[in-house]
Amino acid sequence: MDYLKIYWKRYRLKFMIAIAFLTGEALADLMQPAMMSRIVDQGVARSDVSFIIHYGMLMLLITLVGAICACVRNVLSVDVSQNFAMDLRQDLYMKIQGFSQNNIDRFGSATLITRLTNDVTRVQTFANGLMRVMMKAPIVGIGSLLMAIRLNPRLSVTLIAIAPIIALLIYLNMKISYPYYRKVQSALDRVNMSMQEYLSGIRVVKVFSRFSYEEERFRKNNRNLGNLSTSAAKVGSLFGPLVNLSINSGIIAIIWFGGIGVNNGTMQVGSIIAFISYMMQILFAVMVVNGAFNMFVRARASAERIGEVIREENDMFFPDSDDEEQSRSVVKAQKGRLTFRHVSFSYVKNAEHTEPFIKDISFDVNPGETVGIIGPIASGKTTLVNLLLRFYDPDKGEIILDGRNIKTFSEDHLRRKLAVVPQKSLLFSGSVRENIRWGDEKASDEAILKAAVTAEADGFIRSTPHGFDAMIGQGGVNFSGGQKQRIAIARALIRRPEVLILDDATSAVDARTDGRIRKKLKNLDDRLTCIIISQRISSIIDADKIIVMDNGKIEAIGTHDHLFKTSSLYREICRTQFEEEGDENG
């Protein structure tokens, strides 16, 4: 957990000040029983009213000082713990943002969310408790022990006898509880994952009436979380009463021996009262320490889970900046030129006898060309897009853009050259204007309108109440699939990319609208390279070049007419779709 050192350096001054005030509060508490002893043994025993008033006012003053220290300590502890959690959460979020897709796949989105929220909250709670009662407990406990020994060394033997027993119980509690809380956090990951998958796929669940299956899956994960939490709580609850029993046994022994001492005249009543008060303070301190260890065990499990994310190395390297001379020297004729050269890729790494998912892919795309990619499901079409966007890197081969390997571009530079409209169009909460401007935050209203017109989105946007200022619900729930796709296309166009990738981006759009969008894209800029991935022949039939993929390999490349004559797979796809559409002309 070395990553926490940076936060310690950042907040250690306030932390130490809080501990100083906490120490003042603890000392005020420690002085009360001793002063009470003097009032009873000297003031009450001698009926000295002035002595009682004098020490009573002094006790009140000490209590006031302790209260002021407690208030300052509370303010500082809240300030430090909240800011610490805010910084940790922000740093963790930034770390996750820098992850490659491989890194995210290794963890899973559900566990990353849990670590960013629940785990950070646990660590924050421990940090706050550390400055409120956890550090106070040892001071009060040790101080009470010393004051008790000073008050009556003979009775202190009882405390010394039970101290090893209490220490052993606390150690066993920490040792046994830790694995349970680690399992609890993992179980919470699974609950979050099942809920996340249900919410993201709720429409599919409704269509197939799979509520009972989802309920059973959630019930199973929830039951597992409940059982593990119960087991962890049982282990923790076992040690608390044992510690309490040990302390109370000591108190009973002190009262027994103290009573004998008072009866024999060797001890004073005030001393016994003070000794019992110190014993109660020790009991409080031990119970707090026991609870603190329980909290520490949970916080440690969470801190280690956070540390796993912090220590995760991004397996994808981007240069910090581009070579400016190299960037300026790119010949205009090269801009938008794309080449896949013997590219192979597998999602499963380091496994024996794993066949690559993408196998020796090679093709060229000239600037201004429109290239269609078609093929059966799971033939590798979207994987090509993921490789081009550097969500993943090829295992073999290279991808060339503008005459340069894409690995030589900085991340920001590469992203500015490319724009993608994915299969599932995701819109963000906000207005339509804000969603389109998301592609370029500096875009003017005129540019937004132009992009919407090109994407055939201006018509339905204008007919919507409030037009471009209409608010979009979470995930775009108040727009149809085709409308969301067209807004997403406008968002990509406003970026003015060199290469536009439409990954089945018009699947929810009717054929006529799809044709109008493609025609406008063709006339938009003769330098715009457009890659269209589609299951529909009509979406790519006019492309300058069509790539037919099958089982991770390129089956054929050519124009529609050429492929229809030479590729049996392409011809089969055409015939199947044309028959479904009732088009007898093929």
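Here's the yes/no breakdown for (1) at pLDDT 90 or above; (2) in a strand (DSSP E or B); (3) of a type in the set (A, V, I, L, M, F, W, C):
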residue: T339; (1), (2), (3): yes, yes, no
residue: S344; (1), (2), (3): yes, yes, no
residue: N350; (1), (2), (3): no, no, no
residue: S362; (1), (2), (3): yes, yes, no
residue: P376; (1), (2), (3): no, no, no
residue: V385; (1), (2), (3): no, no, yes
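Checking I573 against (1) of a type in the set (A, V, I, L, M, F, W, C); (2) in a helix (DSSP H, G or I); (3) touching a Gly at 6+ places or on another chain (Cβ under 7 Å): exactly one of these is not met. Which one?
With respect to (1) of a type in the set (A, V, I, L, M, F, W, C); (2) in a helix (DSSP H, G or I); (3) touching a Gly at 6+ places or on another chain (Cβ under 7 Å), I573 is out only on (3).
Answer yes or no as to whether T382 is of a type outside the set (A, V, I, L, M), under 27 Å from the mean Cα position of the chain (by Cα), assigned by TED's automatic domain parsing to the domain that holds I537 and more than 20 Å from F318 (Cβ to Cβ).
So T382 passes the test.
Out of the range 519-537, which residues are in contact with a strand residue (DSSP E or B) (Cβ under 8 Å, 6 or more places away or on another chain) and either within 28 Å of H413 (Cβ to Cβ) or among the small types (G, A, S) (or both)?
If the condition is that a residue be in contact with a strand residue (DSSP E or B) (Cβ under 8 Å, 6 or more places away or on another chain) and either within 28 Å of H413 (Cβ to Cβ) or among the small types (G, A, S) (or both), then L521, K522, L528, T529, C530, I531, I532, I533, S534 are the ones that fit.
The conditions are (1) in a loop (DSSP other than H, G, I, E, B); (2) of a type outside the set (A, V, I, L, M); (3) farther than 25 Å from T506 by Cβ; (4) at pLDDT 90 or above, and E398 fails exactly one of them. Which is it?
The single condition E398 does not satisfy is (1).
Of everything in the range 280-291 that's modelled with pLDDT of 75 or more and of a type in the set (A, V, I, L, M, F, W, C), which residue is surrounded by the most Cβ atoms within 10 Å (Cβ to Cβ)?
Once the filter is applied, the top-ranked residue is I282.
Could you say whether any residue in the range 245-261 is buried (at least 20 other Cβ atoms within 10 Å of the Cβ), over 15 Å from I165 (Cβ atoms) and in the same structural domain as M35 (by TED's automatic domain parsing)?
Within the range 245-261, one or more residues are buried (at least 20 other Cβ atoms within 10 Å of the Cβ), over 15 Å from I165 (Cβ atoms) and in the same structural domain as M35 (by TED's automatic domain parsing).
Please tell me if A556 is in contact with a strand residue (DSSP E or B) (Cβ under 6 Å, 6 or more places away or on another chain), over 24 Å from K424 (Cβ atoms) and either modelled with pLDDT of 85 or more or not assigned by TED's automatic domain parsing to the domain that holds I361 (or both).
In short, yes.
For the range 132-150, indicate whether the set of residues that are out of contact with any helix residue (DSSP H, G or I) (no Cβ under 6 Å at 6 or more places or on another chain), assigned to a helix (DSSP H, G or I) and at pLDDT below 75 is non-empty.
No - not one qualifying residue is present in the range 132-150.
Looking for something in contact (Cβ under 8 Å) with a residue 60 or more places away in the chain and surrounded by 24 or more Cβ atoms within 10 Å (Cβ to Cβ) - is there at least one such residue anywhere in the range 505-512?
yes
Can you tell me which residues in the range 84-116 are closer than 26 Å to L389 by Cα, part of a helix (DSSP H, G or I) and aromatic (F, W, Y)?
Within the range 84-116, Y93, F107 meet the criteria.
Here is a list: R203, R223, R190, R219. Which entry is part of a helix (DSSP H, G or I), basic (K, R) and at pLDDT below 75?
Answer to the selection: R203.
For the range 18-62, how many residues are surrounded by 15 or more Cβ atoms within 10 Å (Cβ to Cβ) and under 30 Å from D87 (Cβ atoms)?
8
Is it fair to say S277 is at pLDDT 75 or above, part of a helix (DSSP H, G or I) and within 14 Å of L155 (Cα to Cα)?
yes
If I filter the range 524-538 for residues that are assigned by TED's automatic domain parsing to the domain that holds V421, modelled with pLDDT of 90 or more, out of contact with any Ser or Thr (no Cβ under 8 Å at 6 or more places or on another chain) and surrounded by fewer than 17 Cβ atoms within 10 Å (Cβ to Cβ), do I get at least one hit?
no
Of all residues in the range 73-110 being of a type in the set (F, W, Y) and touching an Asp or Glu at 6+ places or on another chain (Cβ under 9 Å), which is surrounded by the most Cβ atoms within 10 Å (Cβ to Cβ)?
Per the criteria, the residue is F99.
Being in contact (Cβ under 8 Å) with a residue 60 or more places away in the chain, of a type outside the set (K, R) and within 30 Å of V309 (Cβ to Cβ) is true for just one of L88, L13. Which residue is that?
Criteria check complete, one pass: L88.
Quick one: how many residues across the range 504-520 are part of a helix (DSSP H, G or I) and either at pLDDT 85 or above or of a type in the set (F, W, Y) (or both)?
Going through the range 504-520 one residue at a time, the tally reaches 9.
The values are calculated or read from the model by the stated rules, or taken from the named source; none is laboratory data. Here the structure is a predicted model, which is why all the values come from computation and not from measurement. Cβ sites come from the backbone with ideal geometry, for glycine too, and all protein chains shown count toward neighbours.
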